[in-house]
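The values are calculated or read from the model by the stated rules, or taken from the named source; none is laboratory data. No experiment lies behind these values; they were computed from the predicted model shown. All Cβ positions, even for glycine, are placed from backbone atoms using ideal geometry, and neighbour counts span all protein chains on display. Ligands, DNA and RNA are excluded from the accessible area calculation, which covers all protein heavy atoms including side chains. Shrake-Rupley method; radii C 1.70, N 1.55, O 1.52, S 1.80 Å.
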Amino acid sequence: MKIHHLRNATLVIETEEHVILVDPMLGKRKTIAPFTIFRYKPKRNPLVALPKNSREILSNVTHCLITHLHPDHIDKAGEVFLRRKSIPVICSTKDEKVLQQRGLNIVQTLDYWEPQPFLGGRIIGIPARHGYGFIAKLMGNVMGFHIELPNQKSIYISSDTIFTDDVQKALIELKPDIATVACGTARLDIGQPLLMRMNDILKFTALAPGKVFANHLEALNHCPTTREELRKALTENNLLSKVAIPSDGTSVDY
């Protein structure tokens with residue numbers, strides 16, 4: 001299995017048989033309004049362009065998973081890509097209606113913690129909580145995915161979440177070989193962070209039974225944590241050997 005990191009939370013899981021796109025934010029730089037005006041500089045998003053090799057990687061996509069509806073996970077360009085190629089989309093039952101209205105080809109919907117067959121293996125929707133305190137309610141529904149494909153390492157896409165009992169349960173009970181974690185510590189102008197603080201990223205990494213894939217970094221104006229800061233914290237806690245912190249356009253072989 002190879003995981004291609006494109007940008008932010010957009011990644012591609014490639015096996016011999018399937019190429020699964022996750023959370024396609026595929027637009028050009030500065031096509032989305034700033035997510036914060038006062039707390040951090042009000043730059044338009046995304047801050048960086050898609051890597052040059054993304055077109056080649058995307059040309060082979062066979063399926064798409066969407067964790068939630070925020071524009072840094074599915075933007076207009078992502079929708080156009082999915083519509084144009086009529087890519088089969090898998091999402092939460094809570095997002096099905098909206099995505100269908102946008103013309104996407106929804107082939108499978110998931111409820112939390114209910115395993116379903118998926119590409120010869122199985123998939124489970126895992127609850128995600130997008131923020132600490134009241135801000136999580138404003139952020140709406142988010143779903144992570146635990147995927148087991150035949151003869152492949154299992155992977156837990158935790159998505160935009162803080163550390164919760166459900167996240168802990170997924171790591172301990174499902175024992176994923178690979179677990180992705182959103183590390184940008186995003187914040188709006190009001191409220192607490194929308195993603196794990198560093199201490200929770202470290203807790204997630206320590207608890208993960210296998211390898212960790214860090215993303216949601218250095219692509220949006222409300223995500224202050226850098227790859228370098230993450231690397232430093234992981235090193236100080238003797239956890240760096242478990243973690244891949246890929247640059248945009250690079251891939252990790254598992």
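So here's what we get for this one:
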{"item": "The listed residue being within 27 Å of Pro34 (Cβ to Cβ) and either open to solvent by less than 10 Å² (accessible area, probe 1.4 Å) or among the basic types (Lys, Arg) (or both), out of Gly133, Gly144", "result": "Gly144"}
{"item": "Contacts under 8 angstrom Cβ, first residue in segment 236-247 being free of Cβ contacts under 8 Å to residues at least 12 places away in the same chain, partner of a type outside the set (S, T, N, Q) and open to solvent by less than 60 Å² (accessible area, probe 1.4 Å), 6 or more apart", "result": "Leu240/Leu234"}
{"item": "Qualifying residues in segment 167-184 (those that are open to solvent by less than 60 Å² (accessible area, probe 1.4 Å) and of a type in the set (A, V, I, L, M)) - the one farthest from Glu114 (Cα to Cα)", "result": "Ala182"}
{"item": "Filtered residues of segment 140-191 (kept if at pLDDT below 95 and over 16 Å from the mean Cα position of the chain (by Cα))", "result": "Arg187, Leu188, Asp189, Ile190, Gly191"}
{"item": "Residues that are exposed (fewer than 14 other Cβ atoms within 10 Å of the Cβ) and either closer than 13 Å to Leu26 by Cα or touching a helix residue (DSSP H, G or I) at 6+ places or on another chain (Cβ under 9 Å) (or both), drawn from segment 103-123", "result": "Gly103, Trp113"}
{"item": "Candidate set: segment 21-33, residues that are over 18 Å from Ala186 (Cα atoms) and free of Cβ contacts under 8 Å to residues at least 60 places away in the same chain; chosen: the one most open to solvent (accessible area, probe 1.4 Å)", "result": "Lys28"}
{"item": "Any hit, segment 164-184, residues being part of a loop (DSSP other than H, G, I, E, B), closer than 25 Å to Pro51 by Cβ and of a type in the set (Ser, Thr, Tyr)", "result": "no"}
{"item": "Scope segment 34-74; condition closer than 14 Å to Asp189 by Cβ and in contact with a strand residue (DSSP E or B) (Cβ under 7 Å, 6 or more places away or on another chain); matching residues", "result": "Pro34, Phe35"}
{"item": "Close pairs from segment 100-126: first among the charged types (D, E, K, R), partner part of a helix (DSSP H, G or I), Cβ under 6 Å, at least 6 apart", "result": "Arg102/Glu79"}
{"item": "Failed item in (1) touching a residue at least 40 places away in the same chain (Cβ under 8 Å); (2) closer than 27 Å to Lys43 by Cβ; (3) in contact with a Leu (Cβ under 8 Å, 6 or more places away or on another chain); (4) open to solvent by less than 50 Å² (accessible area, probe 1.4 Å), with Arg187 passing the rest", "result": "(4)"}
{"item": "Some residue of segment 198-216 being modelled with pLDDT under 95, open to solvent by 20 Å² or more (accessible area, probe 1.4 Å), within 26 Å of Leu50 (Cα to Cα) and not small (Gly, Ala, Ser)", "result": "no"}
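Okay, residues lined up against (1) at pLDDT below 95; (2) within 19 Å of Pro127 (Cα to Cα); (3) loosely packed, with under 15 Cβ neighbours inside 10 Å:
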| residue | (1), (2), (3) |
| --- | --- |
| Leu47 | yes, no, no |
| Lys52 | no, no, yes |
| Ile66 | no, yes, no |
| Arg83 | no, no, yes |
